[in-house]
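The block underneath contains the structure these notes are about, expressed in structure tokens.
Bear in mind these aren't lab numbers, they're just calculated from the coordinates by the rules spelled out. Values in this document were obtained by computation on a predicted structure and should not be read as measured data. In this analysis, Cβ positions are derived from the backbone assuming ideal geometry, glycine residues included, and neighbour counts consider all displayed protein chains.
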Amino acid sequence: MASVRRDMIAGEMQKVLSTIIADEVKDPAVPLMTSVMRVEAAPDLSVAKVRISVLGDREELDKAVAALNRAAGFIRRELSRRMDLRYTPKLTFVGDQSVRHSIDIQKALESIYQDEK
């Protein structure tokens, strides 16, 4: 039962964090097309790993992750203000390459398909 609650909270955190990053974070290192892919919260909700993706290359992703980790205190405060939680988890931002990986796989498959023709 606790994991269902944690998953619901993580899903809501994902929505709120997306809004905060898009509307409140003013760091130029964070691209406009920054997406919160997933929030992984600890069982006790003391910490949360926030997986982000950006439209761009690995260097842009690394810059965005660093900028968001610098702004983690501000983002946590905003999250606390917008969500009714007893304790707001400590946030750690990490890059998520799953979209880029999917695109690379799709290109490889298309290449194989074209070679077979």
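Looking only at the range 28-71, which residues have a backbone nitrogen under 15 Å from a spot 7 Å from the Cα of Ile103 in the C-beta direction?
From the range 28-71, the list is 31-35, 53-62.
In debye, nearest 20: dipole of the range 3-117 around its Cα centre with unit charges on the Cβ of K, R (+) and D, E (-)?
My answer is approximately 600 debye.
Fewest first, what order do Ser53, Ser80 take by the number of other Cβ atoms within 10 Å?
Least to most surrounded, the residues fall as Ser80, Ser53.
Of the trypsin sites (Lys or Arg not before Pro) in the range 1-43, which ones lie in a loop per DSSP and count no more than 16 other C-beta atoms within 10 Å?
Hits after loop and neighbour filter: Lys26.
Check cross-link reach from Lys26 to the lysines: straight Cα distance under 26 Å, and skip same-chain residues fewer than eight apart.
Lys15, Lys49, Lys63, Lys90
Between beta-carbons, use under 14 Å as the cut-off and find the net charge around Ser18, counting Lys and Arg +1, Asp and Glu -1.
-1
Using only the Cα atoms of the chain, build the gyration tensor, take square roots of its eigenvalues as a ≥ b ≥ c, and label the shape rounded, prolate or oblate: rounded if a/c is under 1.5, else prolate if a/b is larger than b/c, else oblate.
oblate
Output the relative contact order of the chain, whole-number percent, from Cα pairs under 8 angstrom with separation of 6+ residues.
Dividing the mean separation by the residue count of the chain yields 26 percent.
Connecting C-alpha atoms closer than 10 Å in a GNM of the chain, tell me which of Val50, Val99, Val30 has the biggest fluctuation.
Of Val50, Val99, Val30, the Gaussian network model singles out Val99 as fluctuating most.
Restricting to DSSP H runs of at least four residues, report the calculated mean residue ellipticity at 222 nm for the chain, -39500 (n - 2.57) per run over all residues, nearest 500 deg cm²/dmol.
Helices in the chain give a 222 nm mean residue ellipticity of -18500 deg cm²/dmol.
Hey, how many Å between the Cα centroid of the range 86-117 and the Cα centroid of the range 29-66?
Using only Cα atoms, the two centres lie 14 Å from each other.
Using Cα atoms only, what is the angle between the long axis of helix 72-82 and the major principal axis of the chain, expressed in degrees (0 to 90) to the nearest 10?
Taking the Cα atoms of the chain, the angle to 72-82 is about 60 degrees.
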